[in-house]
């Protein structure tokens, strides 16, 4: 059995707050309360230790796609994001032919059953052509509860979330169906009014897919979905904190209005995350990545991101001025709770998986541990 590991002297972010000169003890795959004799002690002085990041919405990375790739492609993307601190990732599909999505969901479900990913998120095809973003309009369709059920069944119990334009015919019935099956119904790629969005939340929707993006802007006479999603305490709002999708003032507005317990940082990453500029495919759509920004070749719409969550974390603290504890809620605790995994991940507490990230005093990542094993060894001692 591997020796007990102790990270000592760090600023450790716990659910109750930050402990200076703190210690985190790891026994096997779990966080332990006390260290046994002969523990391997790493001096983490001058560093931060935070829970492993949890990404609800991710399409790929490292040059590999979750949306149309093979199982090996998915694993390559997962490994890329793990090296950037994301110890738990949900694989997101984009709009496609229904039969293809069902087959892809089956393959992703096998990886979820093996513990490599935390489940499947369907972003499309049940979204609005008015707010389609980087989705193929020819493949979009109204939400049909029977077709929604087909995708849920194809994921063999591993469907975690589905993004819907809930104002479309069949939208509210589909939300109710998702809620009945324990799948998160997310409002996104939507042209809904304020009132229509409230009806979706009453029907069981609990997440806003990348708030502000792919939905009508906030208006003083027509507040639209943004106001409804921000003000309802039942809703957690996804934010893409890459400096491209959101102005810092919009991000701060979301935090102030929703509160740190109702925000989830996501990447919405595509293949280029952790890989580089060039041309890629996002589902059937061709994407050009230049200077780290992904846009459709035809039309120029933003097409996902090249973000990794370590960059989102650093930006939130150093650019947006958010408290570290609030960022940890948004990047670890809140998404873990949404996934129903907060008994295992999302915070540094005894008995939970030893998933953690070590950051230096400038909030750059220097170490990643997943289930007690170093993905990136910080070599601090």
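The values are calculated or read from the model by the stated rules, or taken from the named source; none is laboratory data. Since the structure is predicted, the reported quantities are computational estimates derived from the model, not experimental observations. Using ideal geometry, Cβ is built from the backbone for each residue, glycine included, and neighbour counts are taken over all protein chains shown.
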Checking residue 300 against (1) farther than 27 Å from residue 247 by Cβ; (2) out of contact with any strand residue (DSSP E or B) (no Cβ under 8 Å at 6 or more places or on another chain); (3) at pLDDT below 95, the condition it does not meet: (1)
Single condition residue 311 does not satisfy, out of (1) at pLDDT below 85; (2) closer than 21 Å to residue 85 by Cβ; (3) surrounded by 22 or more Cβ atoms within 10 Å (Cβ to Cβ): (1)
Filtered residues of segment 140-161 (kept if crowded, with 23+ Cβ neighbours inside 10 Å, in contact with a helix residue (DSSP H, G or I) (Cβ under 6 Å, 6 or more places away or on another chain) and not in a helix (DSSP H, G or I)): 143, 155, 159
Flag if residue 41 is crowded, with 19+ Cβ neighbours inside 10 Å, in a strand (DSSP E or B) and at negative phi: no
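When segment 162-180 is examined, which residues are found to be under 14 Å from residue 143 (Cβ atoms) and out of contact with any helix residue (DSSP H, G or I) (no Cβ under 8 Å at 6 or more places or on another chain)? Steps first, answer last, please.
Taking segment 162-180 and keeping what is under 14 Å from residue 143 (Cβ atoms), we get 162-179.
Of everything in segment 162-180, those that are under 14 Å from residue 143 (Cβ atoms) and out of contact with any helix residue (DSSP H, G or I) (no Cβ under 8 Å at 6 or more places or on another chain) turn out to be 163, 168, 169.
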Members of segment 49-69 that are farther than 30 Å from residue 11 by Cβ and under 14 Å from the mean Cα position of the chain (by Cα): 59, 60, 66
Filter result for the condition that a residue is within 23 Å of residue 163 (Cβ to Cβ) and touching a strand residue (DSSP E or B) at 6+ places or on another chain (Cβ under 7 Å), over 91, 102: 91
Residue check for residue 326: part of a loop (DSSP other than H, G, I, E, B) and either in contact with a helix residue (DSSP H, G or I) (Cβ under 6 Å, 6 or more places away or on another chain) or buried (at least 24 other Cβ atoms within 10 Å of the Cβ) (or both): no
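With respect to residue 112, is the statement that it is closer than 30 Å to residue 376 by Cα and either in contact with a helix residue (DSSP H, G or I) (Cβ under 9 Å, 6 or more places away or on another chain) or not in a loop (DSSP other than H, G, I, E, B) (or both) true?
Numbers: closer than 30 Å to residue 376 by Cα: yes; either in contact with a helix residue (DSSP H, G or I) (Cβ under 9 Å, 6 or more places away or on another chain) or not in a loop (DSSP other than H, G, I, E, B) (or both): yes.
Here the answer is yes, as residue 112 does meet what is asked.
From 372, 367, 351, 321, which residue is at pLDDT 95 or above, closer than 19 Å to residue 265 by Cβ and either assigned by the TED database to the domain that holds residue 262 or touching a strand residue (DSSP E or B) at 6+ places or on another chain (Cβ under 9 Å) (or both)?
Details: 372 fails: closer than 19 Å to residue 265 by Cβ; 367 fails: closer than 19 Å to residue 265 by Cβ; 351 fails: closer than 19 Å to residue 265 by Cβ.
Unique residue meeting the criteria: 321.
Taking the criterion of being in contact with a helix residue (DSSP H, G or I) (Cβ under 8 Å, 6 or more places away or on another chain) and crowded, with 17+ Cβ neighbours inside 10 Å, would at least one residue in segment 275-291 satisfy it? Before you say what the answer is, go through the steps one by one.
So in segment 275-291, the residues in contact with a helix residue (DSSP H, G or I) (Cβ under 8 Å, 6 or more places away or on another chain) come out as 275, 284.
With the extra rule that they be crowded, with 17+ Cβ neighbours inside 10 Å, the set shrinks to 275.
Checking segment 275-291: at least one residue is in contact with a helix residue (DSSP H, G or I) (Cβ under 8 Å, 6 or more places away or on another chain) and crowded, with 17+ Cβ neighbours inside 10 Å.
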Pair list, Cβ < 6 Å and 6+ apart or interchain, from segment 140-161 residues that are within 14 Å of residue 180 (Cβ to Cβ) to residues that are part of a helix (DSSP H, G or I): 145/173; 145/174; 145/177; 148/174; 148/177; 159/152
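Considering each of 341, 348 in turn, give the residue that is under 22 Å from residue 116 (Cα atoms), within 15 Å of the chain's Cα centre (by Cα), in a loop (DSSP other than H, G, I, E, B) and in contact (Cβ under 8 Å) with a residue 60 or more places away in the chain.
Answer to the check: 341.
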Residues satisfying the stated conditions in segment 274-297, i.e. closer than 20 Å to residue 88 by Cα and in contact with a strand residue (DSSP E or B) (Cβ under 6 Å, 6 or more places away or on another chain): 274
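One residue is enough: does segment 16-26 have a residue meeting the conditions in a strand (DSSP E or B) and over 27 Å from residue 337 (Cβ atoms)? Before the answer, list the steps.
If we filter segment 16-26 for residues that are in a strand (DSSP E or B), which is where we start, we get 17-26.
Filter once more, keeping what is over 27 Å from residue 337 (Cβ atoms): 21.
Checked against the condition, which is being in a strand (DSSP E or B) and over 27 Å from residue 337 (Cβ atoms), segment 16-26 yields at least one hit.
Scan 77, 69 and give me the residue that is modelled with pLDDT under 95 and within 22 Å of residue 268 (Cα to Cα). Quick ask: steps written out before the conclusion?
Details: 77 fails: modelled with pLDDT under 95.
Sole residue among the options that is modelled with pLDDT under 95 and within 22 Å of residue 268 (Cα to Cα): 69.
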Restricting segment 2-28 to residues that are out of contact with any strand residue (DSSP E or B) (no Cβ under 6 Å at 6 or more places or on another chain) and either closer than 13 Å to residue 354 by Cβ or not assigned by the TED database to the domain that holds residue 46 (or both), the residue that is surrounded by the fewest Cβ atoms within 10 Å (Cβ to Cβ): 2
Residue in segment 361-376 that is surrounded by the fewest Cβ atoms within 10 Å (Cβ to Cβ), counting only those that are closer than 22 Å to residue 20 by Cα and touching a helix residue (DSSP H, G or I) at 6+ places or on another chain (Cβ under 6 Å): 363
Test: residue in segment 257-264 that is part of a loop (DSSP other than H, G, I, E, B), without any contact (Cβ under 8 Å) to a residue 12 or more places away in the chain and surrounded by fewer than 22 Cβ atoms within 10 Å (Cβ to Cβ): yes
